[in-house]
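Input: a single structure, listed below in structure tokens.
The values are calculated or read from the model by the stated rules, or taken from the named source; none is laboratory data. Just so you know, these numbers come straight off a predicted model, no measurement behind them. Backbone-built Cβ (ideal geometry, glycine too); neighbour counts: all protein chains shown. Quick note on the areas: whole protein, heavy atoms, side chains included, nothing else; ligands and nucleic acids left out. Shrake-Rupley method; radii C 1.70, N 1.55, O 1.52, S 1.80 Å.
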Amino acid sequence: MSRVITASLLALGWVVLLAARAAGDELEAAAGAMSASMPAAPATEAPEKPEAAAPELTLANYKMEVLMIAAAAGLVANYFYGSRKNAELASVWERPIADVLQANFSTVGDGSRTLEWDSAADLLFYASGRRH
């Protein structure tokens, strides 16, 4: 991977981490304010059976989701960067060999281009009628 992509992925990771940490701090502050405003139960009552509590909204509960989103963003960035780089390499490679292929074959490519893209990583080449 290039240095630009690596740097952008590191920056994205730091932004996600800082945003998650800030959200966790806000949730902890809100939970503390709610518990302070609730009146305490008298000590003479028997403790009731606790109800099923909703899970806490903390960063620790969502670490895997944050990592998956960061990994998906990295894969998408790598796909687009790699596609662009492959197109540049193919055009640089195609220029010097086009004349040699035209001299050795009667039909090269589809008439307008020598190479045809099959996918982001694969190129097709067609030549017919060997001359020499």
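Summary of computed values
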| item | result |
| --- | --- |
| Hey, Y62 closer than 30 Å to A20 by Cα and either assigned to a strand (DSSP E or B) or over 16 Å from the mean Cα position of the chain (by Cα) (or both) or not | yes |
| Count of residues meeting criterion [within 30 Å of V15 (Cβ to Cβ), open to solvent by less than 80 Å² (accessible area, probe 1.4 Å) and at pLDDT below 65] in segment 33-67 | 1 |
| Cross-chain or 6+ apart pairs with Cβ under 9 Å, segment 49-61 first and closer than 10 Å to G24 by Cα, then modelled with pLDDT of 75 or more and open to solvent by 80 Å² or more (accessible area, probe 1.4 Å) | L59/R21 |
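Listed here are the residues, each with its yes/no results for (1) open to solvent by 80 Å² or more (accessible area, probe 1.4 Å); (2) farther than 27 Å from G82 by Cα.
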| position | (1), (2) |
| --- | --- |
| V92 | yes, no |
| P96 | yes, no |
| Q102 | yes, yes |
| T107 | no, yes |
| R113 | yes, no |
| D118 | yes, no |
| G129 | no, yes |
| H132 | yes, yes |
